[in-house]
Amino acid sequence: MKTARWTMTACLLLLSVQASRPATAAPEPKPEPTQLTFSEYGLPRSVDPHRAGDVVSSRHVMHVYETLLEYAPFGECRLQPCLVEEFPTYDEEKLTYTFKLRDDVSFADDECFPEARGRKMTADDVVFSIKRLAALPDSGGYWILEGQIAGLDIFRYDAIKLTRRIEHKDGSTESIATPEWWQHFDEDVSGLKAVDSRTVQIKLNQPYPQFLHAITLSYGAILPIEAAKKYDLNTHMVGTGPYVMKSLADDVILYERNPNYRAVRLRDVPEDEPLKRFEGALLPLTDVLRYEIIPESGDSFQLFLDKVLPISGIDQEQFAMVINEAAHKAGKHGDDLLNEKYRKQGIHLIDYIEPTVHYISFNMNDATFGSKAGDKGRALRKAVAKCINRADYINKHLNGRGEPGSQLVPPGVLGHSDECVLQNQQFDLDGARKLLKEAGFTVNETDTGWSTSDAGKQIELQVCFRSQKETTMAYGEWLTEALAQIGISFKPKYMSFRDFLRTQDEGKGQAYDAGWVMDVPDAQNMLQLLYSPHKPPGINSAGFANPTYDKLYEEMSVLRDDVPEEAERKRQLIVEMHKVLDDETPWVLMEYRKIYSLGQEGFLSPPPNPFAYNFKKYARWVK
């Protein structure tokens, strides 16, 4: 009764105050919008979700666009509905998925719509988006669906014939859509069906265990046809996501909360997670995302120390400053690795294994190192792989953050095993020189070092790098010394990230310093990088083509990890595939990387998930 009387008194007082308040009283001031500032080394190559194949572009794309399913913020590799109201049903006999869309999803307001007001997303948008991914000859992302959806490959083949190819003055090429290309979207695809405005059916050609994970990539983003017709989507974004892009300039990229975003709340936060305090809060948790374009990592690190940035990576020099060497050698983790000076500043450290492989990819179309060179080209590739002391590289240039790459499938993924260790990726200088001599090269040791030539011509290898930073150049110098030990002259070509990707997509380099962050937790995602139908502009940057490998891959790719007999057969096939790769050596494997990142006190975010690019909507900095 005491509580009830107090509540009634409080209500009467509140009514009295409200009654006496002047009618013209000023409204309560709105709280200042929350903001997070991050650094980026360069602009994304594209913010078109169907063209954004690199990590930087994917990170930006997924602020604005969404997919049918997404990774849950808590629970490693666990999927959850995003644009659908529930998980799709699957008819195993008919190989058909049925997706039921949410009824409250709208596109952001944009001039491409009548009265500039975003409309509701429908099943037709899903069908159009999948068709567009297939129809774009330069997307580089069709690999996630190639050969998988009934009728879609034929649709793609016919669509590409309707584009017009032009060449720019800088040597780059571009595919231009024609009116006939747009008309082609009216053609039916047997495996895609909008049953009604909220129901989509997708029929597969064969079992595709990775399908639901694959469509969480930016390539599976849903976008409206109005925007695709009106804009160059490489620079303009219209999505259903939590943010809208407000600026894309050379020095800053700015995103603001999408006022059209549906009511999605943070749910199922574990009790021990710092984000538990925001359980039930509307997403996104932060109103504004700002990316400063800062070319040199040293500048961004200082901004982190000045508490302008909530997170920071650590380069080689910074690692030596921040990390306690004795703790590192002792195998410590997390904050125990930090020097006391940084712990006292409220800085925290997160370290984790990332399913990433760093490698050098040979262009198999090259006249000297490629398939055209026959046994001599094969010997050169093997010799380069054998002259790399990976442990020395990891210690000198990565501060021990990683382990030598020995096979394509990273540790922790089904298919990684001792049986798959590639013998030609083992450090062996004498073996490398012997290979070259046996292949017919002239290999001599002189007073100034080794020399390898063919018909009197010195052998040279040019490798394209995706960065012009000092650390990249130091790595290039290390490779120069490594190849000099077998008499090959190394010619590094340092490029901007955009130019590197364009050169790689067009197959114009002799070799590429490359890397792949796995998109889905399945060995298929890594082994597809050497599947011949994925050659440039696809993800097979080497242009590697081997019929035995392709046949093994095709059988392996449909097998499931969660079915014991299929998993065992999958392991066997992966072993056989590695035998082919050991003989051909289209790559020089470098290392599997371990990530170390710093965070400020009060910066809250879900645990790292290398397969998810949309976790910024869950981030908040509580200062």
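Each residue was assigned an accessible area with a 1.4 Å probe, and for residue 264 the value is about 30 Å². Work the Kirkwood hydrodynamic radius out for the range 441-505: mean of 1/r over every pair of different alpha-carbon atoms, inverted, in Å. Final number for the Kirkwood radius of the range 441-505 is 12.9 Å.
Counting heavy atoms of the protein chains alone, residue 203 has an accessible area of about 80 Å² for a 1.4 Å probe. Under a 5 Å amide H cut-off, with hydrogens placed 1.01 Å from N, residue 79 pairs with 72 among residues at least 5 apart or on other chains. The helix-based estimate of mean residue ellipticity at 222 nm for the chain, built from -39,500 (n - 2.57) per DSSP H run of four or more residues and divided by its residue count, is -8500 deg cm²/dmol to the nearest 500.
Using the Karplus relation 6.51 cos²θ - 1.76 cosθ + 1.60 with θ = phi - 60°, the per-residue 3J(HN,Hα) values for the range 74-80 come to 10, x, 4, 6, 8, 8, 9 Hz, with x marking Gly and Pro.
With viscosity 1.306 mPa s and temperature 10 °C, the Kirkwood radius over alpha carbon pairs of the range 457-548 converts through Stokes-Einstein to a diffusion coefficient of 109 µm²/s. Simple spin-label estimate for residue 562 and residue 90 gives 0.7 nm between the two label positions (7 Å along the Cα-to-Cβ direction from each Cα). Taking every DSSP beta bridge that has both ends in the chain, the antiparallel portion is near 85%. In this structure the amide hydrogen of residue 198, modeled in the peptide plane, comes within under 5 Å of the amide hydrogens of 123, none closer than 5 places in sequence on its chain. Residues in the range 484-616 average 36 Å² of solvent-accessible surface per residue, probe 1.4 Å, ligands and nucleic acids excluded. Of 117, 381, 343, the residue with the largest accessible area leads and the full order is 117, 343, 381 (1.4 Å probe). Given the alternatives (i) 69, 66, 40; (ii) 81, 66, 45; (iii) 99, 64, 55, Cα extents along the principal axes in Å as computed for this entry is given by (iii).
Placing unit charges on the Cβ atoms of the charged side chains and taking the dipole of the chain about its Cα centre, the candidate lying farthest along the positive direction among 580, 254, 610 is 254. With all protein chains in place and a 1.4 Å probe, the accessible surface of the chain carries 49 percent carbon and sulfur.
Quick one: plug the Kirkwood hydrodynamic radius of the range 511-623 (C-alpha pairs) into Stokes-Einstein at 25 °C, 0.890 mPa s, and report D in µm²/s. Value of D from the Cα-based Kirkwood radius: 146 µm²/s.
Put 491, 396 in order of accessible area, highest first, and with a 1.4 Å probe you get 396, 491. Computed with every protein chain present, the accessible area of residue 321 is close to 80 Å² [probe 1.4 Å]. Dipole check for the chain: with +1 at the C-beta of Lys and Arg, -1 at the C-beta of Asp and Glu, and the Cα centre as origin, the magnitude is about 1120 Debye.
Toward the positive end of the charge dipole of the range 76-203, with +1 on the Cβ of Lys and Arg and -1 on the Cβ of Asp and Glu, the farthest Cα among 152, 116, 89 is that of 152. For the range 392-550, the Kirkwood radius over C-alpha pairs fed into Stokes-Einstein at 25 °C and 0.890 mPa s yields D = 137 µm² per second. For residue 111, no residue 5 or more places off, or on another chain, has a built amide H under 5 Å of its own.
For residue 392, neighbours were defined as the other residues whose beta-carbon sits under 15 Å from its Cβ, and their charges (Lys and Arg +1, Asp and Glu -1) total -1. Rounded to the nearest Hz, the phi-derived 3J(HN,Hα) couplings of the range 486-500 under the Karplus curve 6.51 cos²θ - 1.76 cosθ + 1.60 (θ = phi - 60°) are 10, x, 9, 7, 9, 10, x, 10, 8, 10, 5, 4, 5, 5, 4, where x marks glycine and proline. Cross-link check: pairs 307/344; 94/193; 469/594; 332/594 evaluated at a Cα-Cα cut-off of 18 Å; pairs beyond the cut-off: 469/594.
Across the protein chains, with a 1.4 Å probe defining accessible surface, the residues 333, 578, 348 rank 333, 348, 578 from largest area downward.
The values are calculated or read from the model by the stated rules, or taken from the named source; none is laboratory data. The shown structure was predicted, so the numbers you read here are calculated from the model rather than taken from an experiment. Because the Cβ atoms are built from the backbone with ideal geometry, glycine has one as well, and the counts that use them run over all protein chains shown. Calculation scope for accessible area: heavy atoms of the full protein, side chains included, ligands and nucleic acids excluded. Shrake-Rupley method; radii C 1.70, N 1.55, O 1.52, S 1.80 Å.
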